[in-house]
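Structure first, then comments.
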Amino acid sequence: MAQAVIPTPQPTNTPTKPPVPQPTTTQPSAPQTPTQPPVPQPTTTQPSAPPLKTTQKLCSSDAAEDSLPPVGQQSNSSFAYLKQQGFRQNQDGSWVCYENDSRQSGRYYTLFKVQQVNGKLVASSFLDRGNLIPGQENRSVDLFMTLVDKYTNTTQENRQSIRRYLEQFTSLVKQGKIQPSNHAYLFDQPNRGYVIYHSLSGGKLQGTAITINIDLPQNLAPSRVF
């Protein structure tokens, strides 16, 4: 009976040791097994500089300029610095920021208003049809903090706490968790600083607003038109 012939395994060219990576240098060298992990070589590319932060104005009313009424005589108001932020002064001495209505051509409305009333600084952020427009939440807090920084003697730590408080308050208004009322919330006791979310009654403005009210220094010049 014939027996099956089992083929003898042929030797291969595979080395008995795993292949060693070839060095990347141009000089010939014998392959060696590295005893330490390769060290990354530094590159000559310089790290890119961080992007410059562009400071956005509190009031960007450029898009509404064609629809706005002509600017009257400007006074040397204590709030005149707001002009650099895009605000305009009304005849009653208040400083306002107008916003173009993206849903209705030719319509604009008051977004921010800053004024002095009976020795108090009153600043309001008006909600369009009860809603904060994109970016208004942060711009409102920035406006309020600009005024707090300028007219109160709070410390840096206190200012940070006030900012967090106003940010949370504005966020809760945006989420509908704070409803319009006559209840004022104290955020700065030494300067009797209050914030309130309220409905507007009377006048040309309608809807709701977030308003801060703080005591002003007695030596602050009144913001009236001369």
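The values are calculated or read from the model by the stated rules, or taken from the named source; none is laboratory data. All of these numbers come straight from a predicted model, not from anything done at the bench. With ideal geometry, Cβ positions are generated from the backbone for all residues, glycine too; neighbour counts draw on all protein chains shown.
For the range 146-156, the criterion of a residue being surrounded by fewer than 17 Cβ atoms within 10 Å (Cβ to Cβ) and over 25 Å from Ala80 (Cβ atoms) is satisfied by at least one position. Candidates in the range 79-105 are the residues that are aromatic (Phe, Trp, Tyr) and in a loop (DSSP other than H, G, I, E, B); of these, the one that is surrounded by the fewest Cβ atoms within 10 Å (Cβ to Cβ) is Phe79. Inspection of the range 156-166 identifies at least one residue that is within 18 Å of Ile214 (Cβ to Cβ), at pLDDT 95 or above and among the β-branched types (Val, Ile, Thr). In contact (Cβ under 8 Å) with a residue 24 or more places away in the chain, among the polar types (S, T, N, Q) and touching a helix residue (DSSP H, G or I) at 6+ places or on another chain (Cβ under 9 Å) - does that describe any residue in the range 109-123? No: zero hits.
Just checking, which of Leu132, Leu166 is touching a helix residue (DSSP H, G or I) at 6+ places or on another chain (Cβ under 7 Å), touching a residue at least 40 places away in the same chain (Cβ under 8 Å) and under 16 Å from Leu200 (Cβ atoms)? When all the criteria are applied, what remains is Leu132.
Any residue at all in the range 163-180 that is surrounded by fewer than 17 Cβ atoms within 10 Å (Cβ to Cβ) and either hydrophobic (A, V, I, L, M, F, W, C) or in contact with a strand residue (DSSP E or B) (Cβ under 7 Å, 6 or more places away or on another chain) (or both)? Within the range 163-180, one or more residues are surrounded by fewer than 17 Cβ atoms within 10 Å (Cβ to Cβ) and either hydrophobic (A, V, I, L, M, F, W, C) or in contact with a strand residue (DSSP E or B) (Cβ under 7 Å, 6 or more places away or on another chain) (or both).
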